[in-house]
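Take a look at the structure set out below.
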Amino acid sequence: MSDQITFTIDGVEVKAKPGQTIMQAADEAGIYIPRLCYLPELTAHGSCRVCTVIVNGKPQTACTQPVAEGMIVENDTPELLEHRRNLVDMLFVEGNHLCMFCERSGNCELQAMAYRLGILAPKYPYFYPDKPLDSTHKDIFLELNRCILCGRCVNASADIDGKGVFGFVGRSIDKKIAVNSDKNLGDTNMAVTDKAASVCPVGSINKKGTAFKIPYGQRLYDQKPIGSDIENKK
Amino acid sequence: MIESLQSEVKQICKSCGNDRTKMMDIVRGVQEKFGQVSSEAMNLIAKSVNCHRVEVESVVSFYAFLSKKPKGKIVIRLCNDVIDKMAGLAPVADAFKKELGIDFGQTTPDGKITLEYTPCIGMCDQAPAALVNDEIITYLSSDKVRELVADLRKHYNPDKIIHRLGDGNNASELVHSCVHNGIRKKGRVIFSEYKEEAGLKNALAVSPVEVINEVKNARLRGRGGAGFPTGMKWQFTRAAEGTKKYILCNADEGEPGTFKDRVILTERADMLFEGMTIGGYAIGAETGILYLRAEYAYLRKLLEKVLKERRDKNLLGNNILGKKGFNFDITIQMGAGAYICGEETSLISSCEGLRGDPKTRPPFPAQKGYMGNPSAVNNVETLCCVARILEMGAGWFAEIGSKGSPSTKLLSVSGDCRLPGVYEFPFGIKVSDLLKEVGAEDAQAVLIGGPSGQIIGPNDYKRTICYDDLATGGAVVVFGPERDMVKIAAEYMDFFVEESCGYCTPCRVGNVLLKKYLDKILDGKGEPTDLDFLKSLGESIKITSRCGLGQTSPNPVLTTLKNFRSSYESKVKPATDGFQPTFDIKKALAEHESIAKRKSVIYTE
Amino acid sequence: MAKPKIATASLAGCFGCHMSILDIDERILKLIELVDFDKSPINDFKEFTGRCAIGLIEGGCANEDNVHVLRDFRKHCDILISVGDCAINGDIPALRNNIPLKECLEEAYLNGPSVYNPEKTIPNDKELPLCLDRVYPCHEVVKIDYFLPGCPANAEIIWQALVALLTNKPLELPYEMIKYD
């Protein structure tokens, strides 16, 4: 087996190592594939579907699909842009994403993705779901109104913290994050130093006392779109 | 009570070896015993099997037949599939509500009977139908409901509600059910006479690789709908690295309108287990798992008996039929009410004692399946075909049917036709010929392959049922001239909304949106632009969903939009005043008008 | 040629987006060269005087008067723009969307920690508009042509949008200008 794989993304030749996913190879090559649930240090969850690319004519998620020699990947196409906008719109109407008072605003990956995709307002009707806020933990609060079910906290707590504080319960549109207790987050062994406390892409898992420290204009995505760090590698 | 819960739960866990991967059996056992898996029970289970409590809750909350809240000793689950609605569900539902004095989703005040809806239970040819715990009641009418409820109130024993027995093995003591097989046409492969164990003997006389080659030569493709070549699947599984391998049989047919596996399980269990055993030999597995949908629990005793007989005859067990070193046995894994578990990786998740979420692919089950071991997941009918191929030879098998699609296919036909039931036809049959056969010459539309397949109109009746044209897992649903196809599409979307596992965004959220827009159109508030909207949204769900369920879930909408466009167009009109037709000011004001005890002076009518 | 007219309204909002309109600073003089203001809190015109090219809507619909005004805007304006998050998604007022109206009224007028209401009455004069069952984004009540997000929508995005529309140029918003907060 050769120790290098060559394939193309939107016609650009990309070199990769065997066993890498399209996402990993693209990141190294400075090509940004939009994503929400993916975080390099965690097992790919493949749930948001924003990183859907067309591989040899078939849709696949870049975060889970291994590279193969000669693979032809389409990423930045008008069709995929439309699908990605639709997915981000879905996530916005599914929850209660009221950015103006959200602690993560400006540093939120969902919001930043919407900015990057040029979304001014979602095209779908809002669901206005009734979701709880859990502030029982002394250092962390859990705001399910903003959860996008990316699974990062579930994987981080289980695989990195070795705790299993979070899990998914329910199914279909009622699927949600639950904590490992018959009561609340405050009754679990979650610690603010846990990896799971720092992986949430949105304002669902928040560390108390850290909000609004960075002034407007200097936050992560105020000036440069999400993904710029990857694109700057090129 | 708490002590009894504690000891009972501990006992149930112990009987499952305190094995976390047996979670399905554990929570099913607790549910059966206590009518719920309470919060306290979840804590106890987690402690016994040494897992996190949230893992138990994630399983319990996933499956429709499990519940955290208490349910009655008797649970009546009325099937609300499209077919049942067409067959007169509404008066039956009303009769249940009236007789029990409760609404759906409720339990009688004495805590004894719970009434629920459930999606397709595989009885479309004898709809309306319901489950009373594990028992099946078919051809329901309001009169029958009255009798049933009166009967139940006398003894609260579901075993005693079956007064008339069905045909074949349905009448056997172990099944004791009123279900009719409804075999309308016997073909040469599944329902004709077969020589028991001839296939298995032939298989054991040659090497596993030769068995796989035989299956390949027969060009057998999966009968569940996806049509993957079975021989190739087995070859991959056999070749995959791993000491333990598994063959799993998917008996979770949940596609609305499909019930052919029900008949195989009732009448051809031996043939199925023979096929599984051959499969086990071919891929090098020692264990087979039959994943049986909870709705078919009434067949379990029969299947267990067949398995026992096979063990007694050394058709299962060690050194099967004297073949040294070939050890193989089959266990039954019960489901708990989740359509998604018919998806092969979800089925594996469920067998592992997890929520029925599909797994990330790759790796495919052939590489890493059940418990991380190479596994082949095959449809019930596929495995029966295997037994026949090994009995009669690949040549015999491949000669039947059409060129690209050898052999026969079982079709479950229901809906607006005179002769619903199970038909075994050679592949390549024209839709128009099928419609003539089932007594549905006036069909306005036919759903081929269940809601995840396609809904076609008369222009397509000259097309043929086969892998290269109209592929199907077996469901054929006929819609007569009176049916509103937009309404039908909306009702199928209800099904997908309910059955989505919720893992990925497009299927979880997108299907709810599709349904909202269909309702808007059916409500007379749709506009022509909504049709483009449905198409764009449907395409996004199709392209970006994670598994086969999501990728096919918009099909009822997309195929009716294409084939019954005029039905949509006749329901939409442009709003000329720029107001949103969906906004109902009177409805929006009703609450405050009632609180304030005054009427709006702006919006007076 | 007569100048095109624009109208503005604040529905269930905080007037913050109207502050943003004023926040275009001295460019307001330029705006006056381009347009005349029709019905708007800025000039306190209570009724439309005629057809308008553009209507700017701040705030969502929380009561019957909001609906009435919004529909009136739709009737009189060629282009209707939702300005700010309240118009687009209800924002803060929509926090009541999962709380029954009766509870909201009781909390506001009877039970809230800072309420002083010795007569224990919930205002119910016939002049008071009735509340809707929940807060609706504007585009769920009438057709909306453009959306300018932000809380408030910032002056720059409002200015750019108005100039583009009034001069018939495509609306191109730089990345830094799209903000939901």
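The values are calculated or read from the model by the stated rules, or taken from the named source; none is laboratory data. What you are looking at is a predicted structure, and each value in this text was computed from that prediction instead of being measured. Methodologically, a virtual Cβ is constructed for each residue, glycine included, from the backbone with ideal geometry; neighbour enumeration extends over all protein chains shown. When the accessible area is computed, the model is the full protein with side chains, heavy atoms only, and any ligands, DNA or RNA have been set aside. Shrake-Rupley method; radii C 1.70, N 1.55, O 1.52, S 1.80 Å.
Just one of B:Leu152, B:Leu115, B:Leu140 is assigned to a strand (DSSP E or B) and in contact with a helix residue (DSSP H, G or I) (Cβ under 8 Å, 6 or more places away or on another chain); which is it?
So the residue among B:Leu152, B:Leu115, B:Leu140 that is assigned to a strand (DSSP E or B) and in contact with a helix residue (DSSP H, G or I) (Cβ under 8 Å, 6 or more places away or on another chain) is B:Leu115.
Can you tell me which residues in the stretch B:221-238 are open to solvent by less than 80 Å² (accessible area, probe 1.4 Å) and either more than 16 Å from B:Ala285 (Cβ to Cβ) or among the aliphatic types (A, V, I, L, M) (or both)?
B:Arg221, B:Gly222, B:Arg223, B:Gly224, B:Gly225, B:Gly227, B:Pro229, B:Met232
Considering only the stretch B:504-545, state which residues are in contact (Cβ under 8 Å) with a residue 40 or more places away in the chain, part of a helix (DSSP H, G or I) and facing another protein chain (nearest Cβ under 7 Å).
Listed by number, the residues that qualify are B:Pro506, B:Gly510, B:Thr544.
Only one of (1) more than 14 Å from every other protein chain (Cβ to nearest Cβ); (2) more than 22 Å from B:Thr576 (Cα to Cα) fails for C:Leu56. Which number is that?
With (1) more than 14 Å from every other protein chain (Cβ to nearest Cβ); (2) more than 22 Å from B:Thr576 (Cα to Cα) applied to C:Leu56, the lone miss is (2).
What about B:Lys587, is it within 11 Å of chain C (Cβ to nearest Cβ) and over 17 Å from C:Val142 (Cα atoms)?
no
Is it true that B:Ala87 is within 13 Å of chain A (Cβ to nearest Cβ), closer than 30 Å to B:Asp416 by Cβ and open to solvent by 30 Å² or more (accessible area, probe 1.4 Å)?
Against the criterion (within 13 Å of chain A (Cβ to nearest Cβ), closer than 30 Å to B:Asp416 by Cβ and open to solvent by 30 Å² or more (accessible area, probe 1.4 Å)), B:Ala87 does not qualify.
If you go through the stretch A:151-173, how many residues are at the interface with another protein chain (Cβ under 7 Å from one of its Cβ atoms) and either in contact with a Pro (Cβ under 9 Å, 6 or more places away or on another chain) or touching a residue at least 40 places away in the same chain (Cβ under 8 Å) (or both)?
1
From (1) more than 17 Å from the chain's Cα centre (by Cα); (2) open to solvent by 10 Å² or more (accessible area, probe 1.4 Å); (3) more than 10 Å from chain C (Cβ to nearest Cβ), pick out the condition that doesn't hold for A:Arg85.
Every condition holds for A:Arg85 apart from (1).
Only one residue in A:Ile119, A:Ile148 is more than 13 Å from chain B (Cβ to nearest Cβ), out of contact with any strand residue (DSSP E or B) (no Cβ under 8 Å at 6 or more places or on another chain), surrounded by 20 or more Cβ atoms within 10 Å (Cβ to Cβ) and within 30 Å of C:Ile144 (Cβ to Cβ). Which one? Give the derivation first.
Values: A:Ile148 fails: more than 13 Å from chain B (Cβ to nearest Cβ).
Criteria check complete, one pass: A:Ile119.
Which ones in the stretch B:416-428 are closer than 21 Å to B:Asp125 by Cα and buried (at least 20 other Cβ atoms within 10 Å of the Cβ)?
Within the stretch B:416-428, B:Asp416, B:Cys417, B:Pro420, B:Gly421, B:Val422, B:Tyr423, B:Glu424 meet the criteria.
When the stretch B:300-329 is examined, which residues are found to be of a type in the set (Asp, Glu) and open to solvent by less than 40 Å² (accessible area, probe 1.4 Å)?
Residues of the stretch B:300-329 that are of a type in the set (Asp, Glu), as a first pass: B:304, B:309, B:312, B:329.
The answer is none; no residue qualifies.
I'd like to know if the stretch B:330-337 contains one or more residues that are among the small types (Gly, Ala, Ser) and farther than 30 Å from B:Asp357 by Cβ.
For the stretch B:330-337, residues among the small types (Gly, Ala, Ser) and farther than 30 Å from B:Asp357 by Cβ: absent.
Given the conditions (1) open to solvent by 10 Å² or more (accessible area, probe 1.4 Å); (2) more than 25 Å from B:Gln454 (Cα to Cα), and given that B:Met271 satisfies all but one, which numbered condition is not satisfied?
B:Met271 satisfies all of (1) open to solvent by 10 Å² or more (accessible area, probe 1.4 Å); (2) more than 25 Å from B:Gln454 (Cα to Cα) except (1).
Yes/no per residue for (1) at pLDDT 95 or above; (2) in a loop (DSSP other than H, G, I, E, B); (3) not hydrophobic (A, V, I, L, M, F, W, C):
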| position | (1), (2), (3) |
| --- | --- |
| A:Ile173 | yes, no, no |
| A:Ile177 | yes, no, no |
| A:Val202 | yes, yes, no |
| A:Tyr221 | yes, yes, yes |
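Test A:Cys108 against the stated conditions and say whether it is open to solvent by 20 Å² or more (accessible area, probe 1.4 Å), under 13 Å from the mean Cα position of the chain (by Cα) and more than 7 Å from every other protein chain (Cβ to nearest Cβ).
No, not satisfied.
Among the residues of the stretch B:20-49, write down those that are more than 17 Å from B:Ala336 (Cβ to Cβ) and away from chain A (no Cβ under 14 Å).
B:Ser48
Here is a yes/no grid of residues against (1) buried (at least 24 other Cβ atoms within 10 Å of the Cβ); (2) in a strand (DSSP E or B); (3) small (Gly, Ala, Ser):
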residue: B:Arg361; (1), (2), (3): no, no, no
residue: B:Phe364; (1), (2), (3): no, no, no
residue: B:Lys368; (1), (2), (3): no, no, no
residue: B:Met371; (1), (2), (3): no, no, no
residue: B:Leu383; (1), (2), (3): yes, no, no
residue: B:Trp396; (1), (2), (3): no, no, no
residue: B:Gly404; (1), (2), (3): no, no, yes
residue: B:Leu410; (1), (2), (3): yes, yes, no
residue: B:Ser414; (1), (2), (3): yes, yes, yes
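I'd like to know if the stretch C:140-155 contains one or more residues that are under 30 Å from B:Ala575 (Cα atoms), facing chain A (nearest Cβ under 10 Å) and charged (D, E, K, R).
yes
Please state which of the following conditions B:Tyr63 fails to meet, knowing it meets all the rest: (1) of a type in the set (Phe, Trp, Tyr); (2) closer than 21 Å to B:Tyr156 by Cβ; (3) touching a Gly at 6+ places or on another chain (Cβ under 6 Å).
All conditions pass for B:Tyr63, except number (2).
Criterion first (more than 27 Å from B:Ala490 (Cβ to Cβ), free of Cβ contacts under 8 Å to residues at least 60 places away in the same chain, open to solvent by 40 Å² or more (accessible area, probe 1.4 Å) and more than 23 Å from the chain's Cα centre (by Cα)) does B:Asp110 satisfy it?
Yes; evaluated as a whole, the condition is true for this residue.
A:Val192 versus (1) part of a loop (DSSP other than H, G, I, E, B); (2) open to solvent by less than 30 Å² (accessible area, probe 1.4 Å); (3) in contact with an Asp or Glu (Cβ under 7 Å, 6 or more places away or on another chain); (4) in the same structural domain as A:Arg146 (by TED's automatic domain parsing): which is the lone unmet condition?
Evaluating A:Val192 over (1) part of a loop (DSSP other than H, G, I, E, B); (2) open to solvent by less than 30 Å² (accessible area, probe 1.4 Å); (3) in contact with an Asp or Glu (Cβ under 7 Å, 6 or more places away or on another chain); (4) in the same structural domain as A:Arg146 (by TED's automatic domain parsing) leaves (2) as the failure.
Could you please find all residues in the stretch B:512-560 being open to solvent by less than 30 Å² (accessible area, probe 1.4 Å) and among the acidic types (Asp, Glu)?
B:Glu527, B:Asp530
Let me spell it out: the conditions are (1) at the interface with chain B (Cβ under 9 Å from one of its Cβ atoms); (2) more than 29 Å from C:Glu176 (Cα to Cα), and A:Pro125 meets all of them except one. Which number is the exception?
(2)
If B:Gln551 meets every condition in (1) facing another protein chain (nearest Cβ under 9 Å); (2) closer than 30 Å to C:Asn97 by Cβ apart from one, which number is that one?
Unmet condition: (2).
Which of the helices (runs of 4 or more DSSP H) contained wholly in the stretch C:75-181 include at least 1 residues that are buried (at least 16 other Cβ atoms within 10 Å of the Cβ), touching a residue at least 40 places away in the same chain (Cβ under 8 Å) and among the hydrophobic types (A, V, I, L, M, F, W, C)?
Here the list reads C:85-89, C:155-166.
Going by what's in this entry, would B:Thr277 be described as β-branched (Val, Ile, Thr), surrounded by fewer than 24 Cβ atoms within 10 Å (Cβ to Cβ) and more than 15 Å from the chain's Cα centre (by Cα)?
No.
Report yes if some residue within the stretch B:59-79 is under 21 Å from the mean Cα position of the chain (by Cα), touching a residue at least 24 places away in the same chain (Cβ under 8 Å) and assigned to a helix (DSSP H, G or I); otherwise report no.
Yes, the stretch B:59-79 has at least one match.
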